[in-house]
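Trainee: Questions regarding the structure given below will be posed in turn.
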Amino acid sequence: MFAEMKNTRTSELHLWSDEDTGLQAVIAIHDANRGPALGGCRLFSYKSSDDAIRDAIRLAQGMSYKAALAGVEQGGGKAVIMAPREIHNREALFKAFGRFVHSLGGRYITAMDVGTQTQDMDTIASITPHVSCTSQTGDPAPYTALGVFNSIKAALDASPDLSGDITNKRIAVQGLGNVGFALCEMLSNAGAELIVSDIDPAKVVQCEELFSARSVPPSTILSVECDIFSPCGMGGILQTDTVKELHCNAIVGSANNQLATPEAGLALHRQGILYAPDFLVNAGGLIHASLSHRGRPAQEINERIHDIGATLAKIFQRHRTSGEPVSLIADRMAENSLYGPELLQRSA
Ligand code: NAD
């Protein structure tokens with residue numbers, strides 16, 4: 001675990017076990033130099049505690065990169081709760097988690113993530129002020145979807161084979177949960193042609209009925225012919241071998257850690273597919289969680305989310321002039337902002 005921390009430059013790892021409620025949780029703080037570490041709390045059924053710790057470390061690093069590229073004065077952190085086989089008392093579980101967060105004295109601010117809801121954040125807020133995405137500040141998913149929507153527009157503008165308008169563009173959305181569904185609504189209103197997929201058939205039917213979407217089985221969404229592929233389900237879906245199956249011009253989606261390995265980013269580059277880095281595209285939720293926690297007005301939040309498209313356009317421009325893979329340019333921009341060019345050169 002120390003090697004994992006060293007490789008990712010993670011500064012703190014905290015574990016908490018509560019016998020009364022069965023809570024077993026991990027908080028990873030990747031970097032708190034830019035401000036208190038902010039990142040969601042994931043409730044997930046992990047195979048082992050090693051898997052949970054590794055996930056917390058990886059996700060916390062992603063949050064640091066996300067905050068750095070989005071220009072948010074927040075460090076990167078993440079919490080994971082190992083989902084018990086059965087949750088007997090959800091309120092007690094999240095109160096115990098609230099005590100864990102509070103014990104860190106504000107160095108980590110928690111928020112919603114996969115498996116948690118605004119109600120859970122309200123429970124945590126009864127124990128500690130270091131929480132965002134409560135029912136007062138709201139669900140970050142629509143803000144994340146707005147950032148993805150703006151990024152799709154930036155990708156269309158940058159793609160040589162597509163004209164800049166969303167109307168009639170074929171957009172394939174994988175995962176129709178909180179973000180995917182809100183995104184489909186925005187795309188449908190803008191006149192896009194939707195191709196959708198989810199492992200939950202009820203969500204698929206809803207999108208077919210509401211947005212006249214065409215659906216395909218989960219096993220074929222990756223290879224469907226489209227202009228933009230938008231992964232909004234789970235991460236790790238882009239591997240060097242699966243990349244060969246893609247038939248799209250660009251990839252722009254909300255899922256965290258879409259590239260299973262850095263090599264997958266290089267494979268996309270070789271195949272001429274424009275990849276919009278996930279940690280920039282999906283920063284809308286973080287911008288909302290951070291700014292609403294600081295009591296900033298809605299207009300400022302919306303303006304900052306619109307800036308995601310402008311930052312992406314800048315990265316695509318660098319990609320066109322240098323010929324370098326987009327994934328490398330985005331990583332370097334985030335690392336420059338986190339560590340400064342000097343430290344990067346020393347460790348290279
Ligand atoms: P969610 O749990 O509400 O939705 C995920 C959806 O993906 C579910 O409907 C699920 O059935 C579906 N799914 C899972 N595996 C699938 C598969 N193999 N094929 C098709 N569908 C599949 O989650 P969400 O909040 O919508 O987040 C979606 C993704 O975006 C996640 O990776 C999350 O980490 C990331 N993200 C979310 C936010 C946010 O604000 N919610 C912010 C940043 C990043």
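Coordinate-derived values only; no laboratory data. As the structure is a computational prediction, the values presented were derived from the model and not from experiment. Every residue, glycine among them, receives a Cβ derived from its backbone with ideal geometry; neighbour counts consider all protein chains shown.
Trainee: Exactly which GluC sites (Glu not before Pro) in segment 73-180 are in a DSSP loop and have at most 10 other Cβ atoms within 10 Å?
Mentor: For GluC sites (Glu not before Pro) across segment 73-180 that sit outside H, G, I, E and B with at most 10 neighbouring Cβ atoms in 10 Å, the list reads 86.
Trainee: Starting at the first residue of segment 211-217, write each ³J(HN,Hα) from the Karplus equation 6.51 cos²θ - 1.76 cosθ + 1.60 with θ = phi - 60°, in whole Hz, x for Gly and Pro.
Mentor: Those phi angles translate into 10, 6, 6, 9, 10, 10, x Hz.
Trainee: While we're looking at this one, here's another question. Using the eigenvalues of the Cα gyration tensor, what equivalent ellipsoid semi-axes result for segment 99-208 when each is taken as the square root of five times the eigenvalue, whole Å, largest first?
Mentor: 35, 17, 10
Trainee: Next up: Angle, helix 49-70 long axis vs. longest principal axis of the chain, Cα atoms, 0 to 90°, nearest 10?
Mentor: 60 degrees
Trainee: Using only the alpha-carbon atoms, how far is helix 90-103 inclined from the longest principal axis of the chain? Give it as 0 to 90 degrees, nearest 10.
Mentor: 80 degrees
Trainee: Can you give me the orientation-averaged projected area of the convex hull built on the Cα atoms of the chain, in nm²?
Mentor: For the chain, the mean projected area of the Cα convex hull comes to 17.1 nm².
Trainee: For labels at residue 86 and residue 2 in the simple 7 Å Cα→Cβ model, what's the distance in nm?
Mentor: 4.2 nm
Trainee: Residue by residue through segment 225-242, what is 3J(HN,Hα) from phi via Karplus (6.51 cos²θ - 1.76 cosθ + 1.60, θ = phi - 60°)? Round to whole Hz and write x for glycine and proline.
Mentor: Values per residue, Gly and Pro as x: 6, 7, 7, 10, 9, 10, x, 10, x, 8, x, x, 7, 9, 10, 4, 7, 6 Hz.
Trainee: In the chain, what is the count of Lys pairs whose alpha carbons are under 29 Å apart, counting only pairs at least 8 residues apart or on separate chains?
Mentor: Value for the chain: 26.
Trainee: For 314, 203, what's the fewest-to-most ordering of other Cβ within 10 Å of each Cβ?
Mentor: Lowest to highest Cβ neighbour count: 314, 203.
Trainee: Report, to the nearest 10°, how far helix 141-158 tilts away from the longest principal axis of the Cα atoms in the chain, using its own Cα long axis and a range of 0 to 90°.
Mentor: 30 degrees
Trainee: For the residue pair residue 318 and residue 157, what label-to-label distance in nm results when each label sits 7 Å from Cα along the Cα-to-beta-carbon direction?
Mentor: 1.7 nm
Trainee: I would also like to ask the following. At a 10 Å Cβ-Cβ cut-off, how would you order 167, 311, fewest neighbours first?
Mentor: 167, 311
Trainee: Please compute the modelled spin-label separation between residue 263 and residue 240, points set 7 Å along Cα→Cβ, answer in nm with one decimal.
Mentor: With each label placed 7 Å out from Cα toward Cβ, I get 0.2 nm.
Trainee: Just need the relative contact order of segment 141-335 here, percent rounded to a whole number, with Cα pairs under 8 Å and 6+ apart.
Mentor: Rounded, it is 23 percent for segment 141-335.
Trainee: Could you order peptides 328-334, 208-214 by the average number of other Cβ atoms within 10 Å of their residues, highest first?
Mentor: Answer by packing, highest mean first, reads 328-334, 208-214.
Trainee: Tell me, what is the percent relative contact order of the chain, built from C-alpha pairs under 8 Å that lie six or more residues apart?
Mentor: So the answer I get is 15 percent.
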